[in-house]
Amino acid sequence: MSTEPVLRVENLVKHFPLTRGVLIQKKIGAVRAVDGVSFDLQPGETLGLVGESGCGKSTVAKLLMNLERVSAGRIVFKGQDITHASGSALKAVRRNIQMVFQDPYTSLNPRMTVGDIIGEPYDIHPEVAPKGDRRKKVQDLLDVVGLNPEHINRYPHQFSGGQRQRIGIARGLALNPEVIICDEPVSALDVSVQAQVINLMERLQGEFGLSYIFIAHDLSVVRHISDRVAVMYLGKIVEVGTEDQIYEHPTHPYTQALLSAVPVPDPEGRETRERIILTGDVPSPANPPSGCRFRTRCWKAQDICAKEEPLLEVRAGLGDTAHASACHFAEVMEIVHTTN
């Protein structure tokens, strides 16, 4: 991998205003959906982004695609600041950064044929494919994702859920992007179909040299495809490391609790593994706790956790498994499981 990241995110912030009133609206607060997220994405790398529903994962994806405007922070693509890109600059960015959406049933226009759906990017970027070549390119893309090129004139309702997601992937590949943001691309699919789509994405990554940001709440799926994993909680990244570091030696209490809940098929593994059950509910992003945001549910919380927000950094004393963790009392927990 190159040492120069293809995508760099620095202190990304997105606050949605809370208002009161009808005719005259007054701002009374803000929902802090994303509150200081930073990470790098290397060429050819898959970065998994995991966390509970509502932690800000999908908002990060929308910010990277400029579907939502950032409140603060920077997004840098190959050395170019694209945070506030618009017009032709934004159009150029979106040619290189594409997205695969979560729901294959609603992300495809039911009034358009598969050929029109996959070929639509060529209408927006005609320089990529002259009109005479578009049908052949669309058929080639259908073949690449494992669909019959002869089905180019069919409509989305004539395909299964897994096939529709393959159509969405083909649309994402149409402009030869360098980065694809996958926003829970398999969560709406059956387990057997999930494996097929994940294997397809891994093959396409090697074939086209793609970099993925893979967003999901299913930890098993994320482990299968990711090189590095970032764990989010209430708008912030609380731990980031390689796949082995996160899954075998988690150091943040929230990550440890998440992994302890992953089903284990081996009965002996279930008996020997410690199950961590969190108390209380996730705080409101409109009124997050002071200091560490996880402290209200954490069994390690002490006075310092309410006063000082822990930095996302490598902690001393963690040995060879050391990686960045936002916890004052980070310590390695050995996770017992047999799945990979």
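The values are calculated or read from the model by the stated rules, or taken from the named source; none is laboratory data. Just so it is clear, the model here is predicted, and its values are computed rather than measured. All Cβ positions, glycine included, derive from the backbone under ideal geometry; neighbour counts span all protein chains shown.
When the residues of segment 191-224 are filtered to those that are hydroxyl-bearing (Ser, Thr, Tyr) and surrounded by 23 or more Cβ atoms within 10 Å (Cβ to Cβ), which remaining residue is nearest to ARG166 (Cα to Cα)? Only one residue tops the list, namely TYR212.
What about LEU173, is it more than 12 Å from LEU49 (Cβ to Cβ), in contact with a Phe, Trp or Tyr (Cβ under 9 Å, 6 or more places away or on another chain) and buried (at least 17 other Cβ atoms within 10 Å of the Cβ)? So LEU173 fits the description; yes. Among the candidates GLY87, GLY119, GLY48, the residue that is surrounded by fewer than 19 Cβ atoms within 10 Å (Cβ to Cβ) and small (Gly, Ala, Ser) is uniquely GLY87.
Exactly one residue among SER88, SER107, SER187 is modelled with pLDDT under 95, of a type in the set (S, T, N, Q) and outside any loop (DSSP other than H, G, I, E, B), and that residue is SER88. Assessment of segment 248-264 against the conditions (within 30 Å of GLY29 (Cα to Cα), surrounded by fewer than 20 Cβ atoms within 10 Å (Cβ to Cβ), β-branched (Val, Ile, Thr) and at pLDDT below 95) yields no matching residue. With respect to the conditions (1) part of a strand (DSSP E or B); (2) out of contact with any strand residue (DSSP E or B) (no Cβ under 9 Å at 6 or more places or on another chain), HIS157 falls short on a single one, namely (1).
Cβ-Cβ distances below 8 Å connect the following pairs, each with a first residue in segment 313-330 that is at positive phi, a second residue that is surrounded by 12 or more Cβ atoms within 10 Å (Cβ to Cβ), and a separation of six or more residues or different chains: GLY319/VAL332. Report yes if LEU311 is in a loop (DSSP other than H, G, I, E, B), modelled with pLDDT under 90 and closer than 14 Å to VAL238 by Cβ, otherwise no. Here the answer is no, as LEU311 does not meet what is asked. The single condition among (1) touching a Leu at 6+ places or on another chain (Cβ under 8 Å); (2) in a strand (DSSP E or B) that LEU63 does not meet is (2). Of all the residues in segment 229-257, those that are outside any loop (DSSP other than H, G, I, E, B), in contact with a helix residue (DSSP H, G or I) (Cβ under 7 Å, 6 or more places away or on another chain) and not acidic (Asp, Glu) number 9.
One residue stands out among those in segment 1-21 that are charged (D, E, K, R) and out of contact with any Pro (no Cβ under 9 Å at 6 or more places or on another chain): the one that is surrounded by the most Cβ atoms within 10 Å (Cβ to Cβ), which is LYS14.
Go through segment 179-193 and count every residue that is at negative phi and within 16 Å of the chain's Cα centre (by Cα).
Applying the first criterion (at negative phi) to segment 179-193 yields 179-183, 185-193.
The next check asks that each one be within 16 Å of the chain's Cα centre (by Cα); those that pass are 179-183, 185-188.
Total meeting the criteria: 9.
In segment 69-82, what count of residues is obtained for those that are closer than 15 Å to VAL37 by Cβ and either crowded, with 17+ Cβ neighbours inside 10 Å or small (Gly, Ala, Ser) (or both)? Can you show your working first?
Filtering segment 69-82 for residues closer than 15 Å to VAL37 by Cβ gives 70-76.
Remaining after also requiring either crowded, with 17+ Cβ neighbours inside 10 Å or small (Gly, Ala, Ser) (or both): 70-73, 75.
Count: 5.
Entry remark, segment 225-247: residues being more than 24 Å from LYS78 (Cα to Cα) and surrounded by fewer than 19 Cβ atoms within 10 Å (Cβ to Cβ) number 2 in total. Within segment 91-104, being part of a helix (DSSP H, G or I) and crowded, with 16+ Cβ neighbours inside 10 Å holds for VAL93, ARG94, ARG95, ASN96. Contact map, segment 22-44: first residue at positive phi and crowded, with 16+ Cβ neighbours inside 10 Å, second residue assigned to a loop (DSSP other than H, G, I, E, B) and of a type outside the set (Asp, Glu), Cβ cut-off under 7 Å, separation 6 or more or different chains; pairs are GLY44/MET1; GLY44/GLY209.
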